[in-house]
Amino acid sequence: MGLWRQLRWRIIAAQMLVVLVGVVTLIVTADIVAARTVDPALLPVFEEAVLQALIVAALASALVGLGASLLLVREILRPLRQLAVSSRRIASGHYDERVTVPLSDELRDVAQSFNQMAEALAQVEQQRVTLIGNVAHELRTPLAGLEGYLEGLLDGVLPGDPETISAMQHEVRRLRRLVDDLQHLSRVEAGQMPLQSQVFDLVALVQRIVAQLRPQLIEQCLEIAVEAPDRAVLAYADPDRTAQVLVNLVGNAIRYTPEDGCITLRVRSEVEHVQVAVEDTGIGIPAEALPYLFERFYRVDPSRSRASGGSGIGLTIARHLARAMGGEITATSPGIGQGSVFTLTLPRGDNERGKRHSS
Ligand code: ADP
């Protein structure tokens, strides 16, 4: 029973079965044909000749069948064994393990898929290691600040006045923001952010956000303009999450635009979707940085962004949210000092209504 479970013996048994069926068929057919066509006097000679031929043929085909099965078994089993060994090595943390690609089409597909899976696992592992490194690095800055203030206070170098306490509070807030952002990011990446998508007017939402942020804009001497059609522009998404994304984009525009700059929010309705473009006249983004903007902890100018309290994961969260709602965020910039445009795209609300009516 144990042998029968091995592929090797099953293939050999299949070959032997073919030989056996061939021999039996030949004997029966030869018997029937001989009884009808061969002269009864010659029958024993004929039978003797057929028997000898059969023995030789049976032995030869059994031998060739056995050889062919062993070759086939080796070709199938060797890559399978290698796959098993490599999977165990990957499971024990050797993510650089790869299998050699065999010649046959089917096994080549399996080996290539295995190698792709190994590559993906290696990337995930690399991202995990980078993430831990980044988190440690991000935590170190505010912690070092707090430690410095505490040491200063203990040594009597710093006075325990409201100014020092407020500076310490600033570091604690930075820590809290980072921890909140990280928690938010892990939920968004795990797809655990509940979305309540509905049809809403994007123009009204944009205007509400602008009214909310106006005091901050006045403080920074920035102008803000909304360019939108006179009618409602219907989007199908979660309005609270859309507001969160837009507050993040406008917040960035405020942070990276010097005084007297201007921020414009353009609401557009396209054939398939609706869009809000957040355009600023700020510091701009170099072309080589554009592909990395939405990666975790990426900052074009780390010292500048970190000083302003940015965690470098705002855009990562924003893009995840946009995609979860069936939309997208893209960034463009003509270059350093020439401003940037971040465009949020969402599904059209009226299409969605139409779809739901027809379904
Ligand atoms: P942060 O919290 O550092 O702002 P984000 O994920 O929101 O992190 O943004 C990532 C980086 O993208 C920023 O550090 C900044 O370098 C760049 N960036 C984002 N928005 C703008 C903008 N409007 N103008 C110029 N650079 C920007």
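Laboratory data are not the source of any read-out in this text; all were calculated from the coordinates shown. Small disclaimer: the values here were computed from a predicted structure and weren't measured. As a convention, Cβ positions derive from the backbone with ideal geometry for all residues, glycine included, and neighbour counts pool all protein chains shown.
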Using just the Cα positions, wrap the range 110-189 in a convex hull and report its mean projected area in square nanometres, one decimal place. 6.7 nm²
Taking 7 Å along the Cα-to-C-beta vector as the label spot, tell me the Glu75-Leu195 distance in nanometres, rounded to one decimal. 4.9 nm
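About the Cα centre, and with charges only on the beta carbon of Lys, Arg (+1) and Asp, Glu (-1), how big is the dipole of the chain? Nearest 20 debye, please. Mind dumping the intermediate values first?
Working: 35 positive and 41 negative charges, 191 e Å.
Using only the charged Cβ atoms, the result is roughly 920 debye.
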With Cβ to Cβ distances under 12 Å as the rule, what net charge do the other residues near Thr242 carry (K, R +1; D, E -1)? -1
Between helix 349-358 and the chain: long-axis angle, C-alpha atoms, 0 to 90°, nearest 10: 40 degrees
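Mind pulling the per residue volume of the convex hull built on the Cα atoms of the range 3-94? Å³ is fine. It would help to have the intermediate numbers written out before the result.
On the way: hull volume 7.8 nm³, N = 92.
Roughly 84 Å³ of hull volume per residue.
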Around Ser333: net Lys/Arg minus Asp/Glu count, Cβ-Cβ under 13 Å: -3
Calculate the dipole size of the range 1-67 relative to its Cα centre from +1 charges on Lys and Arg beta carbons and -1 charges on Asp and Glu beta carbons; express the result in debye to the nearest 20. 560 debye
Along each principal axis of its Cα atoms, how long is the range 1-45 end to end? Whole angstroms, biggest number first, please. 51, 14, 13
Scattering profile of the chain from the Debye formula, Cα beads only, expressed as log10 I(q)/I(0) at q = 0.10, 0.11, 0.12, 0.13 Å⁻¹, is -0.83, -0.93, -1.02, -1.11
Quote to one decimal, in nm, the extra length available between Arg268 and Arg173 on full extension: 0.36 nm per residue of separation minus the C-alpha distance between them. 30.5 nm
Against the longest alpha carbon principal axis of the chain, how many degrees, from 0 to 90 and to the nearest 10, is the axis of helix 7-37 turned? 30 degrees
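Between Glu227 and Arg140, how high is the FRET efficiency from 1/(1 + (r/R0)^6) when r is the Cβ-Cβ distance and R₀ = 51 Å? Nearest 0.05. Each step should come with its number before you reach the end.
Values: r = 43 Å, r/R0 = 0.84.
E(calc), rounded to 0.05, equals 0.75.
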P(r) for the range 198-358: what percent of alpha-carbon pairs falls in each 10 Å bin, starting at zero? 11, 40, 35, 11, 2, 0
Under the helix-only model (-39500 (n - 2.57) for each DSSP H run of 4 or more, divided by the residues of the chain), the mean residue ellipticity at 222 nm, to 500 deg cm²/dmol, is -22000 deg cm²/dmol
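Once fully extended, how much extra length lies between Leu150 and Trp9, figured as 0.36 nm per residue of separation less the alpha-carbon to alpha-carbon distance? Intermediate values should be presented prior to the final figure.
Values: separation 141, 0.36 × 141 = 50.76 nm, distance 7.49 nm.
So the extension gain works out to 43.3 nm.
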Note down the magnitude of the dipole of the range 38-169 about its Cα centre, charges +1 on Lys and Arg C-beta and -1 on Asp and Glu C-beta and zero elsewhere, to the nearest 20 debye. 460 debye
Give me a comma-separated list of calculated 3J(HN,Hα) values for the range 57-65, in order, Karplus coefficients 6.51, -1.76, 1.60 applied at θ = phi - 60°, integers in Hz, x for any Gly or Pro. 5, 5, 4, 4, 6, 5, 5, 5, x
Projecting each Cα onto the charge dipole of the range 1-132 (Lys/Arg +1, Asp/Glu -1 at the beta carbon, about the Cα centre), which of Leu83, Val64, Leu26 comes out farthest on the positive side? Leu83
Listed residues Ala91, Ala111, Ala120; largest mean-square fluctuation, Gaussian network over the chain with Cα springs below 10 Å, found at Ala91
Work out from phi, with θ = phi - 60° and the Karplus expression 6.51 cos²θ - 1.76 cosθ + 1.60, the ³J(HN,Hα) of each residue of the range 283-295, listed in order in whole Hz, and give x for Gly and Pro. 6, x, 9, x, 3, 5, 8, 3, x, 9, 3, 8, 7
Using +1 at the Cβ of each Lys and Arg and -1 at the Cβ of each Asp and Glu in the chain, identify which of Leu321, Pro215, Ala14 lies farthest towards the dipole's positive end. Ala14
